[in-house]
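Trainee: My questions all concern the structure below.
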Amino acid sequence: MRRLTDRIFTLLCGLGAFIALGIILTVLGLVVFRGAPAISLRFFTEQVRSVGAEGGIFYQLVGTLILIATAAVIAVPLAAGVGIYHQLYVHTPRSRRAMDAVLHALNGIPSIVFGLVGLAFFVQMLGMKKSWLAGGILLAVMILPTVTVAFIERMRAIPKVTIEAAYGLGLRRPQIALSILFPQAVSGLVTGTLLGLARAAGETAPIMFTAVIFAGATMPKGVVDSPVLALPYHIFVLAQDSFDPSMTQKMWGSAVVLLMLVMGLSLIALPLRLKIHEEARRV
Amino acid sequence: MSDDILEPILSTHQLSVRTREGRFLLRDVGLEIPRRMVTGIIGPSGAGKSTLLKCLNRLIDLSGTLEVSGKVLFEGEDTRAKSVDPDELRRRIGIVFQQPVVFPGSVAQNVLFAATRLGTANRRNRDELLEESLRQAGLWNEVKDRLKEMASTLSVGQQQRLAIARTLAGKPDIILMDEPTSSLDPRSTESIEQTIVELKKTRTIVLVTHHLEQARRLCDWVACLCQKEGAGELMEADRCNVVFCSPVREETMEYLGMKC
């Protein structure tokens with residue numbers, strides 16, 4: 001009986017893993033199969049032409065990179081500050097739990113809500129119109145919990161007695177942050193940032209009202225009324241309007257590039273995550 | 001405690017520690033720590049020895065869940081007064097933990113870890129301070145050729161002496177030691193004990209220990225804490241031979257294994 005239960009359990013687990021892997025491979029295969037014919041060097045270096053039916057995705061790629069770079073520049077120092085505050089300045093378990101709850105709640109806000117808030121605040125209240133900066137800030141806020149939680153988790157893996165020993169030597173909190181927490185937990189910050197950016201790169205909703213247009217934008221020349229092009233929005237518009245087969249092919253090509261970008265960021269983060277787990281196990 | 005201690009460097013008055021729920025860990029501890037001597041704190045597990053130690057340099061403040069009342073006077077000044085900087089207090093009252101703590105980095109970087117950041121060590125006195133601290137901790141001869149090696153490559157006993165050297169580099173007046181030899185083999189224990197004997201010539205040492213023989217060997221004064229009604233209380237504190245040979249309190253006698 002025990003052997004039978006064991007076999008059924010193994011079978012169910014194996015089936016679950018097979019289905020999950022199958023779905024991922026099907027999605028990847030479909031996107032790559034449909035998009036690969038569109039991929040060429042010119043696809044990366046040319047501007048979009050004929051409403052997406054011709055040309056490449058140069059400025060969409062540049063716009064996406066501008067948005068995620070802006071998000072990283074804003075989110076990383078903020079997350080570092082929140083994480084250090086969480087570890088060194090919040091002492092009571094209740095306050096820490098409250099902070100954790102806020103971070104997780106922020107992580108659960110749907111991206112379309114970020115888009116609407118961004119529209120109301122940046123576009124309507126501040127009068128920025130569509131701007132790469134507004135989009136970058138929104139994406140930064142959106143990924144802030146991911147980056148912060150990864151940083152905090154890594155800091156939690158540092159033995160408590162190490163931090164206590166640093167206090168015991170008379171070091172001040174900023175010195176402990178710079179000499180103990182950052183050097184030992186920076187990998188968490190990097191991992192969280194890469195994972196957060198992988199998510200941000202694929203988001204359409206937060207940027208569609210605040211930062212991007214479909215065509216006509218090149219490099220941003222200012223902060224106000226300075227939209228960019230972006231891959232997710234490009235795919236979104238092409239998917240809505242694509243009756244032309246060449247347009248459909250460009251859409252799938254763009255999807256392949258976006259997928260590679262997102263997967264690339266996640267893959268860079270993977271060795272760092274493994275290193276963190278390995279270090280945490282050794283502690 | 002006998003009244004022949006002149007000017008204790010550190011003293012506690014009605015010191016109590018309790019949890020937010022109101023459970024006492026320590027109750028009304030009044031203790032005087034004599035200058036340049038080894039004061040041992042002994043007592044059964046759960047009597048609040050480590051808690052008392054952490055009250056002396058306000059490391060207890062980091063717990064976030066414990067409330068401290070009463071007074072701790074360091075050189076006559078209330079350590080909980082608003083004018084007192086807790087970080088500076090912790091530099092002057094250093095602590096060595098049960099498990100040796102090694103920071104990532106070389107032996108030299110570990111010894112000078114706090115000293116460089118607190119400005120005690122500079123380019124001119126760096127090497128001198130490094131050697132002096134390691135010599136005082138009884139580790140110089142063993143590591144003088146390994147100063148650039150990772151500190152984690154040292155044996156556990158050496159790591160503990162490295163932690164002592166690191167504390168000494170900060171030039172503390174008092175060193176608190178929380179069972180510093182409990183995780184060490186007899187040979188390393190002997191080295192640490194020799195270090196303590198040397199250190200007491202220039203420093204005040206407060207040693208929490210479970211080893212009664214160690215307390216007998218090293219301590220000039222001994223304070224015995226026992227648990228009463230769930231909270232640690234000071235039973236008695238006196239010269240080492242007085243506490244060990246003619247204790248007054250029944251709880252002390254019981255802890256020391258003497259028949260009442």
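Trainee: When the Cα atoms of region B:133-260 are enclosed in a convex hull and the volume is divided per residue, what value in Å³ results?
Mentor: Cα-based convex hull of region B:133-260, divided per residue, equals 124 Å³.
Trainee: Compute the helix-to-body angle for A:58-84: its Cα long axis versus the longest principal axis of chain A, expressed 0 to 90° and rounded to tens.
Mentor: 20 degrees
Trainee: Whole Å is fine, so just give me how far the alpha carbon centre of region B:62-133 lies from that of region A:168-187.
Mentor: When both Cα centres are located, 14 Å separates them.
Trainee: May I ask for the distance between the Cα centers of region B:136-211 and region A:83-112, given as a whole number of Å?
Mentor: After rounding, the separation between the Cα centres reads 39 Å.
Trainee: Quote the relative contact order of chain A in percent (integer), defining contacts as alpha-carbon pairs under 8 Å separated by 6+ residues.
Mentor: 28 percent
Trainee: Shifting gears a bit: Would you compute, for the Cα atoms of region B:137-186, the largest minus smallest coordinate along each principal axis and list the three values in descending order, in whole Å?
Mentor: Taking max minus min along each principal axis of the Cα atoms, region B:137-186 gives 29, 26, 17 Å.
Trainee: Using R₀ = 30 Å, calculate the FRET efficiency as 1/(1 + (r/R₀)^6) where r is the Cβ-Cβ separation of A:Leu116 and A:Leu78; round to 0.05.
Mentor: 0.90
Trainee: Let me test this: with uniform point scatterers at the alpha carbons of region A:110-252, what is the Debye-based log₁₀ I(q)/I(0) at q = 0.09, 0.16, 0.19, 0.20 1/Å?
Mentor: Debye curve over Cα of region A:110-252, log10 I(q)/I(0) at q = 0.09, 0.16, 0.19, 0.20 Å⁻¹: -0.43, -0.87, -1.03, -1.09.
Trainee: Which whole-number percent is the relative contact order of region A:1-158 (Cα, under 8 Å, 6+ apart)?
Mentor: Reported as a whole number, the value is 26 percent.
Trainee: While we're on this one: Out of every Cα pair in region A:1-69, what percent are spaced more than 17 Å from each other?
Mentor: Result for the distance tail: 66 percent.
Trainee: Rg/Rh for chain B to two decimals, with Rh computed the Kirkwood way over all alpha-carbon pairs.
Mentor: Computed over Cα atoms, the ratio is 0.97.
Trainee: Using DSSP to define loop residues, name the chymotrypsin sites (Phe, Trp or Tyr not before Pro) in region A:128-191 whose beta-carbon has at most 16 other beta-carbon atoms within 10 Å.
Mentor: none
Trainee: Continuing with this model, one more query. Among B:Lys54/B:Lys144; B:Lys144/B:Lys201; A:Lys160/B:Lys201; B:Lys49/B:Lys148; B:Lys71/B:Lys228, which pairs are too far apart, with a Cα-Cα distance over 30 Å?
Mentor: Listed pairs above 30 Å: B:Lys54/B:Lys144; A:Lys160/B:Lys201; B:Lys49/B:Lys148.
Trainee: Taking the simple approach of a point 7 Å from Cα along Cα-to-Cβ for both B:His211 and A:Val186, what is their distance in nm?
Mentor: 4.1 nm
Trainee: Hey, if you put +1 on the Cβ of every Lys and Arg and -1 on every Asp and Glu Cβ in the protein assembly as shown, which of B:Ala163, A:Leu61, A:Met142 ends up farthest toward the positive end of that dipole?
Mentor: Farthest along the dipole direction, towards plus: A:Leu61.
Trainee: Report, to two decimal places, the Cα Rg of region A:1-126 normalised by 2.2 N^0.38 Å (N = number of residues).
Mentor: Numbers: Rg = 23.7 Å, N = 126, 2.2 N^0.38 = 13.8 Å.
Taking the Cα Rg and dividing by 2.2 N^0.38 Å, one obtains 1.71.
Trainee: For region B:1-63, divide the Cα radius of gyration by the Kirkwood radius and give the resulting Rg/Rh value with two decimals.
Mentor: 0.99
Trainee: Now a separate question. Give the value in nm², to one decimal: projected area of the alpha carbon convex hull of chain A, averaged over all directions.
Mentor: For chain A, averaging the hull's shadow over all directions gives 20.2 nm².
Trainee: Rounded to the nearest 20 debye, what is the charge dipole size of chain A about its Cα centre when +1 sits on each Lys and Arg Cβ and -1 on each Asp and Glu Cβ?
Mentor: 900 debye
Trainee: Once you mark the GluC sites (Glu not before Pro) that are in a DSSP loop and have at most 10 other Cβ atoms within 10 Å, what is the longest gap between them in chain B?
Mentor: The reported range is B:22-228.
Trainee: Another one. Would you kindly compute the Cα radius of gyration of region B:72-174 and its largest Cα-Cα separation (Dmax), both in Å?
Mentor: 14.4, 45
Trainee: Let me ask another. Looking only at region A:144-169, which residues have a backbone nitrogen under 14 Å from a spot 7 Å from the Cα of B:Asp85 in the C-beta direction?
Mentor: Correct set: none at all.
Trainee: Also: Trypsin sites (Lys or Arg not before Pro) within region B:112-163: which are DSSP loop residues with at most 13 other Cβ atoms inside 10 Å? Intermediate results must be reported in sequence, preceding the final value.
Mentor: Details: sites: B:Arg117, B:Arg123, B:Arg124, B:Arg126, B:Arg135, B:Lys144, B:Arg146, B:Lys148, B:Arg161; in loops: B:Arg123, B:Arg124, B:Lys144, B:Arg146, B:Lys148.
Answer in residue order: B:Arg123, B:Arg124, B:Lys144, B:Lys148.
Trainee: Given the rule -39500 (n - 2.57) for each run of at least 4 DSSP H residues, summed and divided by the residues of chain A, what is its mean residue ellipticity at 222 nm, to the nearest 500 deg cm²/dmol?
Mentor: About -23500 deg cm²/dmol.
Trainee: Calculate how large, on average over all directions, the projected area of the Cα convex hull of the protein assembly as shown is; give the answer in nm² to one decimal.
Mentor: Answer in nm², one decimal: 36.6.
Trainee: If you don't mind, another one. Of the residues A:Ser266, A:Ser246, A:Ser254, which exhibits the maximal mean-square fluctuation in a Gaussian network model of chain A defined by a 10 Å Cα contact cut-off?
Mentor: In this elastic network of chain A, the residue with the biggest mean-square fluctuation among A:Ser266, A:Ser246, A:Ser254 is A:Ser246.
Trainee: If I fit a long axis through the Cα atoms of helix A:93-107 and take the longest principal axis of the Cα atoms of chain A, what angle between them do I get, 0 to 90°, rounded to 10?
Mentor: Between the helix axis and the principal axis of chain A, the angle is about 10 degrees.
Trainee: Follow-up question, since we're still on this one. Angle between the Cα long axis of helix A:2-35 and the longest principal axis of chain A, 0 to 90 degrees, nearest 10?
Mentor: 40 degrees
Trainee: Put a dot 7 Å past each Cα toward the Cβ at A:Ala17 and B:Glu67; how far apart are the dots in nm?
Mentor: 5.4 nm
Trainee: Give me the dipole magnitude in Debye, nearest 20, for region A:85-164 about the Cα centre, with unit charges on the beta carbon: positive for Lys and Arg, negative for Asp and Glu.
Mentor: Details: 8 positive and 3 negative charges, 8 e Å.
Computed charge dipole of region A:85-164: roughly 40 debye.
Trainee: Moving on to the next point. How do B:Val107, A:Val73 rank when sorted from fewest to most other Cβ atoms within 10 Å of their own Cβ?
Mentor: A:Val73, B:Val107
Trainee: Still on this structure, I have one more. What Rg and what Dmax come out for region B:53-113 when only alpha-carbon atoms are used, in angstroms?
Mentor: 14.0, 41
Trainee: If you take every DSSP beta bridge whose two residues both sit in the protein assembly as shown, what share of them, in percent to the nearest 5, is antiparallel?
Mentor: 55 percent
Trainee: Past the 16 angstrom mark, what percentage of all C-alpha to C-alpha distances in region A:159-223 do you count?
Mentor: Percentage above 16 Å: 67.
Trainee: Spin-label point model (7 Å from Cα, Cβ direction): what's the A:Leu267 to A:Leu41 distance in nm?
Mentor: In this crude label model, A:Leu267 to A:Leu41 measures out at 2.2 nm.
Read the figures in this text as sums done on the coordinates, not as results from a lab. Predicted model only: the values in this text are computed from it and were never measured. For neighbour counting, all protein chains shown are included, and Cβ atoms are generated from backbone atoms with ideal geometry for every residue, glycine included.
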